[in-house]
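Student: Below you'll find the structure I mean.
The values are calculated or read from the model by the stated rules, or taken from the named source; none is laboratory data. These numbers were taken from a predicted model, which means no experiment stands behind them. Here the Cβ positions follow ideal geometry from the backbone for every residue, glycine too, while neighbour counts run over all protein chains shown. Ligands, DNA and RNA are excluded from the accessible area calculation, which covers all protein heavy atoms including side chains. Shrake-Rupley method; radii C 1.70, N 1.55, O 1.52, S 1.80 Å.
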Amino acid sequence: MNTSRKSHWENVYTTKESVNVSWYQPVPAKSLELIRSTGVLPQAAILDVGGGASTLVDNLLDAGYQDLSVLDIASSAFTQARARLGAVATQVKWIESDVTEFEPSRSYAIWHDRAVFHFLTDAADRQQYLDVLRKSLQAQGHFLLATFGEEGPTRCSGLEVQRYSVEMLKALLEPDFHMRAYEIEEHRTPKRAAQEFLYSWWQAEV
Ligand SMILES: C[S@@+](CC[C@H](N)C(=O)[O-])C[C@H]1O[C@@H](n2cnc3c(N)ncnc32)[C@H](O)[C@@H]1O
């Protein structure tokens, strides 16, 4: 367990309201659109990796998706998310884990990651993440990834990040995954700063 990574994120969610963090989105529209585009059934297993206190899970429940899991290194993020969701929070599986150490006990039709992979600036951590991803996805499962794009910030939450181009992602993910689509989005932080995100949709070959 990377304890400094965990304590960093636990501290974020105990000192900041989820609506004030730079990555906050009242409605994660692009993620919802991508999840709908995959065409998975409402019963499909969906994992939001590094979901933190994101409202994605609220929106997916409203849209009728029934098998939702949120994984995060920081349990304090879940405290905020559960308080917001109230009774329906029990419909979600909350998994406290560092994604690089996650040992899945089942497989998922969708692995969604917005703004988590780009914090892995160490090549060994990235490989570990990709190994866990391959182990966790069902055959022909979908990997929905949002990282900072080439023009995105170089740091977030006080930490260094790796920015990505489509070519860089292809070099990491092909041939195990093929790209279905990608799009650039300009995210506006609560303080109205612009951040370039690269959203990409990948499907496992097997
Ligand atoms: C920038 S936030 C994004 C949160 C959410 N995905 C969103 O879009 O609102 C990064 C999230 O990843 C979590 N995180 C960071 N490193 C992680 C790791 N190695 N394993 C699991 N979660 C991690 C943090 O606790 C935080 O909730």
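Student: Compute the separation of the alpha-carbon centres of segment 30-55 and segment 161-201 and state it in Å as a whole number.
Tutor: Taking the Cα centre of segment 161-201 as reference, the centre of segment 30-55 is 16 Å away.
Student: Right, next: Give me the Kirkwood hydrodynamic radius of segment 1-77, using the inverse of the mean 1/r over all pairs of distinct Cα atoms, in Å to one decimal.
Tutor: Values: mean 1/r = 0.0739 Å⁻¹.
Evaluated on segment 1-77, it is 13.5 Å.
Student: Modelling each spin label as a point 7 Å along the Cα-to-Cβ direction, I'd like the residue 4/residue 106 distance in nm, to one decimal.
Tutor: Modelled inter-label distance: 3.7 nm.
Student: Continuing with this model, one more query. Let me spell out the model: positive unit charges on the Cβ of Lys and Arg, negative unit charges on the Cβ of Asp and Glu, origin at the Cα centre of the chain. What dipole size does that give, in debye rounded to 20?
Tutor: Details: 20 positive and 27 negative charges, 92 e Å.
Using only the charged Cβ atoms, the result is roughly 440 debye.
Student: Here's another thing I want to ask about it. What does the charge count around residue 92 come to, taking other residues whose C-beta lies under 14 Å from its C-beta (Lys +1, Arg +1, Asp -1, Glu -1)?
Tutor: Numbers: positive: 82, 84, 93; negative: 48, 58, 62, 67, 72, 96.
Neighbourhood net charge equals -3.
Student: On alpha carbon coordinates alone, what is the Rg over Rh value for the chain, Rh being the Kirkwood radius? List each step's numbers first, then the result.
Tutor: Numbers: Rg = 15.7 Å, Rh = 17.1 Å.
Using only Cα positions, Rg/Rh for the chain is 0.92.
Student: Please give the charge dipole size of segment 92-165, origin at the Cα centre, charges +1 on K and R Cβ atoms and -1 on D and E Cβ atoms. Round to the nearest 20 debye.
Tutor: Working: 8 positive and 11 negative charges, 62 e Å.
I would put it at about 300 debye.
Student: Return a whole-number percent for the relative contact order of the chain, with Cα pairs under 8 Å and 6 or more residues apart as the contact set.
Tutor: Details: 372 pairs, mean separation 40.1, N = 206.
The normalised contact order for the chain reaches 19 percent.
Student: Taking R0 as 30 Å, what's the FRET efficiency between residue 139 and residue 183 from their Cβ-Cβ distance, rounded to 0.05?
Tutor: Efficiency computed from Cβ-Cβ geometry: 0.70.
Student: A further question follows. Can you tell me the equivalent ellipsoid semi-axes for segment 1-41? Use √(5λ) from the Cα gyration tensor, largest first, whole Å. Mind showing how you got there, number by number?
Tutor: Values: eigenvalues 168, 49, 8 Å².
Sorted largest first and rounded, they come to 29, 16, 6 Å.
Student: If you don't mind, another one. I need the fraction of alpha carbon pairs in segment 125-206 separated by more than 19 Å, rounded to a whole percent. It would help to have the intermediate numbers written out before the result.
Tutor: Working: 1369 of 3321 pairs.
Of all Cα-Cα distances in segment 125-206, 41 percent exceed 19 Å.
Student: Relative to a virtual label point 7 Å from the Cα of residue 83 in the Cα→beta-carbon direction, which members of segment 1-34 show backbone nitrogen distances below 16 Å?
Tutor: 10-21
Student: So, R0 is 30 Å and r is the distance between the beta-carbons of residue 96 and residue 36; what FRET efficiency does that work out to, to 0.05?
Tutor: That gives a FRET efficiency of 0.60.
Student: Considering only DSSP beta bridges with both partners in the chain, what is the antiparallel share in %, to the nearest 5?
Tutor: Values: 20 of 41 bridges.
For the chain, the DSSP antiparallel bridge percentage is about 50.
Student: Return one whole number: the accessible area per residue of the chain in Å², for a 1.4 Å probe. Can you show the working numbers first?
Tutor: On the way: 9650 Å² over 206 residues.
Result: 47 Å² of accessible area for each residue.
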